Protein chains: 2
Amino acid sequence: MKIKGFRTAAVAAGIRYKDRLDLGLIVSDVPAVTAGVFTTNQVKAAPVLLDMDRLKQGRAQAILVNSGCANACTGKHGMEAALASSRSLAGRLKISEDMVLVSSTGVIGERLNVPAMENSMQDLVDSLSDDGFEDVAKAIMTTDTVSKTVSRTVSINEHEVQFMGMAKGAGMIMPNMATMLSFIITDAQISYTELQQSLRQAVNKTFNRITIDGDTSTNDMVIVMANGSAGNHWIDEDTPIDRQAFQDGLEDVLKELALKIVNDGEGATKSITIRVCGARSEQDAETMARTVANSSLVKTAFFGEDANWGRILAAMGRSGVRFNPDIVDIAFGDVVLVKNGVGLGKEVEEAATGILKQKNITLCIDLKDGTGCEEIYTCDFSLDYVKINADYRT
Amino acid sequence: MKIKGFRTAAVAAGIRYKDRLDLGLIVSDVPAVTAGVFTTNQVKAAPVLLDMDRLKQGRAQAILVNSGCANACTGKHGMEAALASSRSLAGRLKISEDMVLVSSTGVIGERLNVPAMENSMQDLVDSLSDDGFEDVAKAIMTTDTVSKTVSRTVSINEHEVQFMGMAKGAGMIMPNMATMLSFIITDAQISYTELQQSLRQAVNKTFNRITIDGDTSTNDMVIVMANGSAGNHWIDEDTPIDRQAFQDGLEDVLKELALKIVNDGEGATKSITIRVCGARSEQDAETMARTVANSSLVKTAFFGEDANWGRILAAMGRSGVRFNPDIVDIAFGDVVLVKNGVGLGKEVEEAATGILKQKNITLCIDLKDGTGCEEIYTCDFSLDYVKINADYRT
């Protein structure tokens, strides 16, 4: 899939490791309406701070992204490095410097290898083509085991509108406004206000519903660029039907990317949907689902394929959400394990253990105390998670 | 060490496993002034609910405790089982039933094996002696690798007052009011009001400052029985000096038990003190220290002996506590790794890695923004933690 007016490229710049793609570029031929959401972590990496500032204008033309180094927590050097690389790229692309966004992922606290990036910058620009999107998705991987891209076509006022999205994940993933890194390009013609609102809304329902390990990164960002080449009538506040069609398409792309991140969580062997219904509010449902999703004891039980619902009830009980434990039902898939707060016995647990052997599991919690219902997507907690994170920098 | 007027015993009742001590008993010859603090988890095990009710009278004479089954989340059966075992014991001890406290630890959601307890109850009572305290500490172990007891003698108005305490821990440990199980006996003569206040104050400074895995149990309880046999003048609100001496002794016992729990955390290879200073309030300091202590990424880095301070800053940043990342200092022991938010380089990291090879590590975070200072005690997150918790019930 290609989107008219966007070109992409990736090269192996040797920023941290040799001979692997680690520097990617997305360029729009014309200034694209561009919206972003960024990490809520108070410790924000230099590229996050720079992009937040530059996106106030609602337009951008290029995203330069590296893996191998987060460019976070290095003091003044971090912003200098971000500015230097964006300046170098802008010169080669002959665009205004403030139309360049930069993004980094990798180890926190190390200085960005600007000379390596500079050495490869012209190669990168020369390699731009209309089919490099997958390569960029590879270049942003860190502990990811697979690259993550999604494409969609939706119809908006009789024009085909395309979306192409990429994301990376794996660890330090409990996005709170945005996930690690995700870039979406679309040919939709849409106003900045609508694009930003649409992105925020979609992120809240997708990336902000996943957690790998409860840790929120310093570098999270989701950026969507819309270059208008689809030729649809402008989507703005006066076109609610078109806006909804765009929203649905964007949300669909983000949801699939979010689930790909969960599927590829560090060391993950299973993907788990935690659904809490019957809560007094949606906020209560989300809080409880998130507490269960982040419990190390629940996650290791999933890894051990152990239908240990006592740990689920214990996590629910410490979530801070008010509920009556004596009327709660808990099910794995369609197997009800706990009815009115009491386990239904060994036979049922054996059936539930069968469900736990699957790769995709839905845990349903019904509090029977209201209409609040929310889902959080997570993965299990395996020996490999500990191995990966004990050895990450060695 | 022995305390006059207290007798203890433990037997292998076969509640879940054969041939290991799993049923313990602590008896005071006279009704002892008794205070307790219990889990804040909304899902409370039957023995917790029963003891909370019985301790309203501020007196008790016996604690019956089993491992192998938490007697939690089994509906009406749970309370019936707790009542049946306390009734059986009271009959044999010839004391009033409401002077018996019960306590359970083990798997949640399974029914308590009352027949096995009943079969061993007379043996248990017949075994009571003045030197069974260590056996009871063994009988309450689950995934603990060592039993945990502490004794102290303090001087109160020219009388020697003794304390003996025990605790169990290992997993599902982030006490919020109390830890998994801890029992303390003392011969102090003290009013119920002072004992309860003293216990709550000591628990807040000790057990409530440790976390193994961020999960709070359904069964946590700390109970202290004071039988008055030391013969000191009554400690009450009119004896502030004696009260402080008692408080110091109790806190000392609880602190040592709490640290023993951390040292024996599931799979733990290291004990870590997380100290946050310079916060705008003590609450802020505690919240941040707790967030860092519960971060899976920080804990796996400790296991890997990796001075990965970026993960520490990332956890601080998502803690919800306001601070200025650009003035923060971070040190392992006396090695300052980060000065004003910036890493001090490879040489310093190597020195810090030396510190990380030790068994007991102090991580110091200075926010330089106030006088709030608090410590949280935790352990690292190892491969064995996952192994233990993936296989716990098999």
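The values are calculated or read from the model by the stated rules, or taken from the named source; none is laboratory data. Computed from a prediction, not measured in an experiment: that's the story for all the values here. All Cβ positions, glycine included, derive from the backbone under ideal geometry; neighbour counts span all protein chains shown.
Looking only at the stretch B:92-112, count how many residues are part of a loop (DSSP other than H, G, I, E, B) and either in contact with a helix residue (DSSP H, G or I) (Cβ under 9 Å, 6 or more places away or on another chain) or not assigned by TED's automatic domain parsing to the domain that holds B:Arg59 (or both).
Counting residues in the stretch B:92-112 that are part of a loop (DSSP other than H, G, I, E, B) and either in contact with a helix residue (DSSP H, G or I) (Cβ under 9 Å, 6 or more places away or on another chain) or not assigned by TED's automatic domain parsing to the domain that holds B:Arg59 (or both) gives 7.
Please enumerate the residues belonging to the stretch B:317-343 that are closer than 15 Å to B:Ala293 by Cβ and more than 7 Å from every other protein chain (Cβ to nearest Cβ).
Result: B:Ser319, B:Gly320, B:Val321, B:Ile330, B:Phe332.
Of everything in the stretch B:121-134 that's part of a helix (DSSP H, G or I) and modelled with pLDDT under 95, which residue is surrounded by the most Cβ atoms within 10 Å (Cβ to Cβ)?
Residue satisfying both the conditions and the ranking: B:Phe133.
Restricting to the stretch B:274-291, give me the number of residues that are closer than 30 Å to B:Asp391 by Cβ, of a type in the set (S, T, N, Q) and either free of Cβ contacts under 8 Å to residues at least 24 places away in the same chain or out of contact with any helix residue (DSSP H, G or I) (no Cβ under 8 Å at 6 or more places or on another chain) (or both).
Total meeting the criteria: 0.
Please tell me if A:Asn340 is buried (at least 20 other Cβ atoms within 10 Å of the Cβ) and among the polar types (S, T, N, Q).
no
When B:Cys73 is evaluated against the numbered criteria (1) surrounded by 24 or more Cβ atoms within 10 Å (Cβ to Cβ); (2) free of Cβ contacts under 8 Å to residues at least 60 places away in the same chain; (3) within 11 Å of chain A (Cβ to nearest Cβ), which criterion, by number, is the only one it fails?
Going through the list (1) surrounded by 24 or more Cβ atoms within 10 Å (Cβ to Cβ); (2) free of Cβ contacts under 8 Å to residues at least 60 places away in the same chain; (3) within 11 Å of chain A (Cβ to nearest Cβ), B:Cys73 breaks only (2).
Kindly list the number of the only condition in (1) touching a Gly at 6+ places or on another chain (Cβ under 6 Å); (2) small (Gly, Ala, Ser); (3) not in a loop (DSSP other than H, G, I, E, B) that fails for A:Ala84.
Here A:Ala84 meets the rest and fails (1).
With the structure loaded, tell me whether A:Val125 is β-branched (Val, Ile, Thr) and over 29 Å from A:Ile388 (Cβ atoms) or whether it fails that test.
Here the answer is yes, as A:Val125 does meet what is asked.
Within the stretch A:381-390, is even one residue within 10 Å of chain B (Cβ to nearest Cβ), crowded, with 20+ Cβ neighbours inside 10 Å and over 25 Å from A:Thr269 (Cβ atoms)?
Checked against the condition, which is being within 10 Å of chain B (Cβ to nearest Cβ), crowded, with 20+ Cβ neighbours inside 10 Å and over 25 Å from A:Thr269 (Cβ atoms), the stretch A:381-390 yields no hits at all.
Among B:Lys44, B:Lys18, which is in the same structural domain as B:Leu250 (by TED's automatic domain parsing), charged (D, E, K, R) and within 24 Å of B:Glu134 (Cβ to Cβ)?
Going through B:Lys44, B:Lys18 in turn, just one is in the same structural domain as B:Leu250 (by TED's automatic domain parsing), charged (D, E, K, R) and within 24 Å of B:Glu134 (Cβ to Cβ): B:Lys18.
Hey, could you check the stretch B:289-298 for residues that are crowded, with 23+ Cβ neighbours inside 10 Å, more than 7 Å from chain A (Cβ to nearest Cβ) and not hydrophobic (A, V, I, L, M, F, W, C) and say which is farthest from the chain's Cα centre (by Cα)?
Only one residue fits best here, namely B:Thr291.
Give just the number: which of (1) within 14 Å of chain A (Cβ to nearest Cβ); (2) in a strand (DSSP E or B) does B:Val154 not satisfy?
Result: B:Val154 passes all but (1).
A:Gly265: surrounded by fewer than 23 Cβ atoms within 10 Å (Cβ to Cβ), small (Gly, Ala, Ser) and more than 9 Å from chain B (Cβ to nearest Cβ), yes or no?
Spelling it out, it is not the case that A:Gly265 is surrounded by fewer than 23 Cβ atoms within 10 Å (Cβ to Cβ), small (Gly, Ala, Ser) and more than 9 Å from chain B (Cβ to nearest Cβ).
If you scan the stretch B:20-48, which residues turn out to be out of contact with any strand residue (DSSP E or B) (no Cβ under 9 Å at 6 or more places or on another chain) and over 19 Å from B:Lys168 (Cβ atoms)?
B:Gln42, B:Val43
Given the conditions (1) within 14 Å of chain B (Cβ to nearest Cβ); (2) surrounded by fewer than 23 Cβ atoms within 10 Å (Cβ to Cβ), and given that A:Met52 satisfies all but one, which numbered condition is not satisfied?
(1)
With respect to A:Ala307, determine if the residue is buried (at least 19 other Cβ atoms within 10 Å of the Cβ) and among the small types (Gly, Ala, Ser).
Here the answer is yes, as A:Ala307 does meet what is asked.
If a residue must be within 13 Å of chain B (Cβ to nearest Cβ), part of a loop (DSSP other than H, G, I, E, B) and farther than 23 Å from B:Ala70 by Cβ, how many such residues does the stretch A:355-379 contain?
Result for the stretch A:355-379: 1.
Out of the stretch A:261-270, which residues are part of a loop (DSSP other than H, G, I, E, B) and of a type in the set (S, T, N, Q)?
A:Thr269
Can you go through A:Lys359, A:Lys368, A:Lys299 and tell me which one is of a type in the set (Lys, Arg) and touching a Lys or Arg at 6+ places or on another chain (Cβ under 7 Å)?
A:Lys359 is the lone residue from the list that is of a type in the set (Lys, Arg) and touching a Lys or Arg at 6+ places or on another chain (Cβ under 7 Å).
For residues that are farther than 21 Å from A:Ser281 by Cα, in a loop (DSSP other than H, G, I, E, B) and in contact (Cβ under 8 Å) with a residue 24 or more places away in the chain, tally how many sit in the stretch A:333-354.
1
Working carefully through the options A:Ile15, A:Ile3, A:Ile26, find the one that is over 30 Å from A:Ser198 (Cβ atoms), surrounded by 16 or more Cβ atoms within 10 Å (Cβ to Cβ) and in contact (Cβ under 8 Å) with a residue 12 or more places away in the chain.
Checking each option against the conditions leaves just A:Ile15.
Quick one: which helices (runs of 4 or more DSSP H) lie wholly within the stretch A:271-332 and hold at least 2 residues that are among the β-branched types (Val, Ile, Thr)?
The qualifying helices (runs of 4 or more DSSP H) are A:282-294, A:296-303.
Within the stretch B:242-255, how many residues turn out to be surrounded by fewer than 18 Cβ atoms within 10 Å (Cβ to Cβ) and either assigned by TED's automatic domain parsing to the domain that holds B:Glu374 or at pLDDT below 90 (or both)?
Number of matching residues: 1.
Looking only at residues that are without any contact (Cβ under 8 Å) to a residue 12 or more places away in the chain and more than 20 Å from B:Lys44 (Cβ to Cβ) in the stretch A:299-316, which one is farthest from the other protein chains (Cβ to nearest Cβ)?
Residue satisfying both the conditions and the ranking: A:Ala301.
On the given criteria, is A:Asp53 under 22 Å from A:Lys138 (Cβ atoms), of a type in the set (D, E, K, R) and assigned by TED's automatic domain parsing to the domain that holds A:Val136?
For A:Asp53, the condition - under 22 Å from A:Lys138 (Cβ atoms), of a type in the set (D, E, K, R) and assigned by TED's automatic domain parsing to the domain that holds A:Val136 - is not met.
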